[in-house]
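Shown next, in C-alpha cells, is the structure this report addresses.
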C-alpha cells in the first residue's frame with residue numbers, strides 16, 4: 001500500500017497551498033474543476049493501480065445510478081449493483097488481495113452504494129455529468145477515511161461558487177492545527193509507547209496492560225478524529241462543510257450514545273442503509289404483527305430492534321475486515337447495546353424509584369466512566385493483530401496487579417508521556433468546551449489580536465517541538 | 001482578493017515568527033551561556049570530569065580504561081593503582097555515549113607512554129546518542145560546539161529532542177527521578193555526586209539489587225559484536241603504535257553461571273576475538289567471571305566489592321602484560 005501524501009506530510013502542505021491559491025484565483029465557475037484535478041493528483045499519489053481502481057468504481061457507480069433511474073426494473077438494477085459492490089468489497093478483504101487493496105476502498109465503495117440507494121429511493125436524481133460525480137466520490141479530504149457524505153448535501157456545495165471567506169479559512173486552519181496536534185503529538189507518540197506491548201503480550205501484566213489499553217483508546221481517538229479535523233479543516237478552507245464524524249465520544253453515558261458520537265457518519269450510513277431496511281423487512285414486520293396479536297408490547301418493540309442491531313453490527317464487523325478480532329469487537333459493542341435495549345424497562349423502573357439521584361451528576365459521571373471502561377475493554381479485541389494476542393492480554397490483565405512493573409513502564413517512557421501531557425490537557429479542554437457546545441475559535445476571535453497571535457505561534461511551536469524527530473506513522477483507519 | 005492576500009500574508013508571518021521563536025528557544029536553552037543548566041547533577045556529566053582529567057597538561061603517563069557503563073561501575077582506580085604503581089584514569093559513563101566519541105577523546109588527549117585498556121563487553125555501541133553527549137557537555141560550551149560542529153547534519157535532526165528533553169529536565173525531571181528512586185528503593189547512583197573530581201565512581205554500592213537466582217540465559221557470540229566498533233578499535237591501535245602508546249583489550253565482567261556458552265564455545269569466541277583484533281587481549285572471558293553477589297543493579301554493573309575484585313584481576317593481568325612487554329623490548 002503506497003502512501004506518499006498523507007495529511008501530515010510536507011508534500012500535502014504544498015499540495016494544499018497550491019490548491020487553495022488556485023481555487024480562489026480561478027474564475028468561480030471553474031473552482032470545481034480545480035478541485036477535481038486536485039483530487040486526481042492527490043489520489044494518484046497512492047499509486048496508479050489504486051487510481052485506476054477508483055476511476056473504475058466511479059464509472060460503474062455512475063452508470064449504475066443512470067441505469068437505476070431510467071430502467072423499469074429498478075429493484076433488479078439496485079440488487080445487481082449492491083451485489084457487485086459487496087462482492088468487490090468482500091474480495092478485496094480476502095487475505096490474497098490485501099496487498100493490492102486500494103487506499104480508502106472501504107470508504108468510497110460505501111459512498112457509491114449510498115449514492116445508488118438514494119437514486120433508487122428517488123431522493124436524489126442520478127448525476128448526469130460523470131466529472132461532477134467523480135468530484136463527489138474522490139473529494140480529497142474524505143476519499144481515504146471519510147466522513148461519509150450524503151450526495152444531496154454535498155453536491156450543492158461542491159459545484160457552487162465559493163468566494164473567499166476569511167473567517168472560514170481561519171477556522172479551517174485551526175481545525176488542521178488541532179488535527180495535527182492530535183495525530184503527530186498524541187497518537188504517534190502513544191503508538192511509540194504501546195506498540196511493544198501488543199507485539200510482546202506475554203511480557204506485560206495487570207496495571208501495565210490496563211494503562212496501555214487506556215492509552216490505546218486515546219491513541220485511536222486522536223488518530224482518527226485528528227484525521228477528521230484535518231479533513232474538515234481543509235474542506236472548510238475551500239468553503240465546503242463536511243459532516244462532523246466525532247462528538248466528544250468518551251463523555252458518552254452509554255455504549256449506544258458512544259456510537260452516536262464515534263464515527264458518526266459510519267453509524268448514520270448503517271442506520272440508513274441497513275438498520276431501517278431490516279426494521280422494515282418482512283421478517284421484522286411479521287414479528288411485530290405476531291407480538292401485537294399476543295399483546296406483547298415489549299417483544300413488539302425489542303425483537304425487531306435486536307434483529308436489526310445484530311445485522312448492523314455483524315456487517316460493521318465484516319466491513320472492518322474478515323478477521324475474528326474485528327467481528328468479535330463489533331459483536332461485543334452490539335451485544336452491549338442489545339443488552340441495554342433489553343434491560344431498558346428495568347433501568348427505567350429503577351430510575352423512577354429515585355429520579356433525582358438517577359439524574360444526578362454523580363450518576364452521570366459513573367455512567368461516563370462505565371461506558372469509557374467498556375469501550376477500553378472492547379478495544380482489547382480491536383487493536384491486537386490476532387485473537388490469541390487478545391486472549392493473552394486479557395488473561396495477563398487479571399493474573400497480577402503489577403504496580404511496580406507499571407511504574408517502571410511509565411519511567412521508561414517518561415519523555416514521551418511528558419510530551420503528550422500538555423497536548424492532552426489542551427485536548428481535554430477543547431473537548432469539554434465542544435461538549436458544552438462552546439466554539440473555541442469564536443471565543444478566541446474576541447480576544448486581543450496580539451494575545452491571539454501569541455497563542456497561534458505558541459501552539460505551532462509546541463506542535464513543532466513536541467513532534468520531535470519521529471517520522472509520522474500512517475493513520476490507523478488506513479487499513480480499512 | 002485583498003482578503004485572500006491578507007490571509008496568505010498573515011499565515012506566512014505566523015510561520016516565520018514561529019520559526020524565529022523556535023530558533024530563539026533553542027538558542028536560549030542550549031546555545032547561549034544564558035540558558036539554564038538542567039543537567040547540573042546529571043550522571044552523564046562525569047564524562048566531562050573524565051575529559052578534563054585526561055586533557056590536563058600536567059598529567060603524567062597513566063593507565064586509561066575506557067568503555068561503557070561497566071567502566072565506572074567496574075573499575076576501582078585505587079586498587080588498580082596499587083597493583084600497577086601508576087595513576088589510573090577511566091573514560092566512559094554509559095553505552096549510549098558510543099565508543100567512537102570516546103576514541104575521538106582519546107585521539108585528542110592520549111600521550112606517549114600511556115597505556116590504554118578497552119573493556120570489551122556486549123554493548124560496543126557504534127552510534128553515539130547525540131542527546132546524551134550534549135547533556136554531558138552542556139556546561140562546557142566550547143567542547144559542546146566542537147562536538148556539534150563535527151556532526152553538523154546531526155544537530156538539525158536532534159534540535160527538537162534536545163529542547164523537549166531539557167524542558168522535561170527543567171520542569172519535572174528531578175521530581176520524577178526521586179519518585180522512581182523511592183518506588184524502586186534503589187540507591188541513587190545516577191548523579192554527578194556519585195563521582196570524584198576525576199570522574200571515578202566513588203559512591204558506595206552495597207549488596208545486589210538484581211535477582212541472585214542465576215541460570216544460563218545470556219550469550220556471548222562473536223557475531224553479536226558490532227564490527228564497526230571493532231574496526232575502529234583496530235585503526236586506533238595502529239595510531240597508538242605510531243604514538244608510543246600501549247593499547248590492549250580486556251573482557252568485561254560476567255555473572256558466573258549466566259552464560260549459555262560452554263567452555264569450548266567460549267574458547268572459540270576468544271580465538272575469534274584474538275584473531276580479529278590487532279590489539280592483544282588480556283586473559284579469557286572466564287577469567288572475569290564473578291559471583292552474582294558482586295553485581296549491583298545490572299548484569300554488567302558491579303557493586304563496590306565487585307569493582308575491587310574485577311580491578312584486582314585486571315590490574316594483575318595488565319601488570320604481567322606490561323612486564324612481559326618491557327622484557328621483550
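Side notes on the structure shown:
- Residues that are surrounded by fewer than 20 Cβ atoms within 10 Å (Cβ to Cβ) and within 10 Å of residue B:114 (Cα to Cα) within the stretch B:230-245 comprise B:243, B:244, listed in sequence order.
- Selection from the stretch B:219-246 of residues that are within 20 Å of residue B:321 (Cβ to Cβ) and not in a helix (DSSP H, G or I): B:243, B:244, B:245, B:246
- Just so you know, in the stretch B:256-294 the residues that are touching a strand residue (DSSP E or B) at 6+ places or on another chain (Cβ under 6 Å), part of a strand (DSSP E or B) and modelled with pLDDT of 95 or more include one that is surrounded by the fewest Cβ atoms within 10 Å (Cβ to Cβ), and it is B:280.
- Criterion: within 13 Å of the chain's Cα centre (by Cα) and without any contact (Cβ under 8 Å) to a residue 60 or more places away in the chain - qualifying residue of A:260, A:243: A:260
- Hits in the stretch B:176-194 (condition: within 11 Å of chain A (Cβ to nearest Cβ) and modelled with pLDDT of 85 or more): none
- Residues being outside the structural domain of residue A:219 (by TED's automatic domain parsing), more than 19 Å from residue A:266 (Cβ to Cβ) and touching a residue at least 24 places away in the same chain (Cβ under 8 Å) are represented in the stretch A:140-152 by at least one member.
- Checked against (1) crowded, with 22+ Cβ neighbours inside 10 Å; (2) on the phi < 0 side of the Ramachandran plot; (3) away from chain B (no Cβ under 14 Å), residue A:146 passes all but condition (2).
- Taking the criterion of being farther than 22 Å from residue A:334 by Cβ and in contact (Cβ under 8 Å) with a residue 24 or more places away in the chain, no residue of the stretch A:287-309 qualifies.
- Selected residue [at pLDDT 90 or above, assigned to a helix (DSSP H, G or I) and under 24 Å from residue A:301 (Cβ atoms)] from A:395, A:367: A:367
- Which numbered condition residue A:189 fails, given (1) in a helix (DSSP H, G or I); (2) touching a residue at least 60 places away in the same chain (Cβ under 8 Å); (3) buried (at least 24 other Cβ atoms within 10 Å of the Cβ); (4) more than 14 Å from every other protein chain (Cβ to nearest Cβ): (4)
- Set side by side, the residues A:322, A:275 differ, and just one is outside any helix (DSSP H, G or I), over 30 Å from residue A:362 (Cα atoms), touching a residue at least 24 places away in the same chain (Cβ under 8 Å) and in contact with a helix residue (DSSP H, G or I) (Cβ under 7 Å, 6 or more places away or on another chain), which is A:322.
Yes/no per residue for (1) under 28 Å from residue B:268 (Cα atoms); (2) away from chain A (no Cβ under 14 Å); (3) in contact with a helix residue (DSSP H, G or I) (Cβ under 7 Å, 6 or more places away or on another chain):
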{"position": "B:174", "(1), (2), (3)": "no, no, no"}
{"position": "B:220", "(1), (2), (3)": "yes, yes, yes"}
{"position": "B:234", "(1), (2), (3)": "yes, yes, no"}
{"position": "B:248", "(1), (2), (3)": "yes, yes, yes"}
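- For residue A:43, the test of being buried (at least 17 other Cβ atoms within 10 Å of the Cβ), modelled with pLDDT of 90 or more and more than 18 Å from residue A:145 (Cβ to Cβ) is failed.
- Residue satisfying all of: in the stretch A:421-443; within 14 Å of another protein chain (Cβ to nearest Cβ) and touching a residue at least 24 places away in the same chain (Cβ under 8 Å); surrounded by the most Cβ atoms within 10 Å (Cβ to Cβ) among these: A:423
- Near pairs, Cβ below 7 angstrom, 6+ apart or cross-chain, from the stretch B:1-29 (more than 10 Å from chain A (Cβ to nearest Cβ)) to any residue that is assigned to a helix (DSSP H, G or I): B:29/B:163; B:29/B:166
Okay, residues lined up against (1) within 30 Å of residue B:176 (Cα to Cα); (2) at pLDDT below 90; (3) outside any helix (DSSP H, G or I):
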site: A:416; (1), (2), (3): yes, yes, no
site: A:425; (1), (2), (3): yes, no, no
site: A:433; (1), (2), (3): no, no, no
site: A:442; (1), (2), (3): no, yes, no
site: A:457; (1), (2), (3): yes, no, no
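- Scope the stretch B:58-77; condition modelled with pLDDT of 95 or more and out of contact with any helix residue (DSSP H, G or I) (no Cβ under 8 Å at 6 or more places or on another chain); matching residues: B:71
- For the stretch A:93-120, filtering for residues that are touching a helix residue (DSSP H, G or I) at 6+ places or on another chain (Cβ under 9 Å) and assigned to a loop (DSSP other than H, G, I, E, B) leaves 4.
- When A:246, A:270 are screened for being touching a helix residue (DSSP H, G or I) at 6+ places or on another chain (Cβ under 7 Å), assigned to a helix (DSSP H, G or I) and under 30 Å from residue A:121 (Cβ atoms), only A:270 passes.
- Verdict on residue B:90 being buried (at least 23 other Cβ atoms within 10 Å of the Cβ), touching a helix residue (DSSP H, G or I) at 6+ places or on another chain (Cβ under 9 Å) and either within 14 Å of chain A (Cβ to nearest Cβ) or over 27 Å from residue A:458 (Cβ atoms) (or both): yes
- Condition met for residue A:313 (part of a helix (DSSP H, G or I), at pLDDT below 90 and surrounded by 14 or more Cβ atoms within 10 Å (Cβ to Cβ)): no
- Tallying residues that are surrounded by 14 or more Cβ atoms within 10 Å (Cβ to Cβ) and either within 16 Å of residue A:193 (Cα to Cα) or not assigned by TED's automatic domain parsing to the domain that holds residue A:218 (or both) within the stretch A:398-420 yields 15.
The values are calculated or read from the model by the stated rules, or taken from the named source; none is laboratory data. Only a predicted model underlies this, so the values are computations on that prediction, with no experimental measurement involved. Glycine gets a Cβ as well: all are built from the backbone with ideal geometry, and neighbour counts include every protein chain shown.
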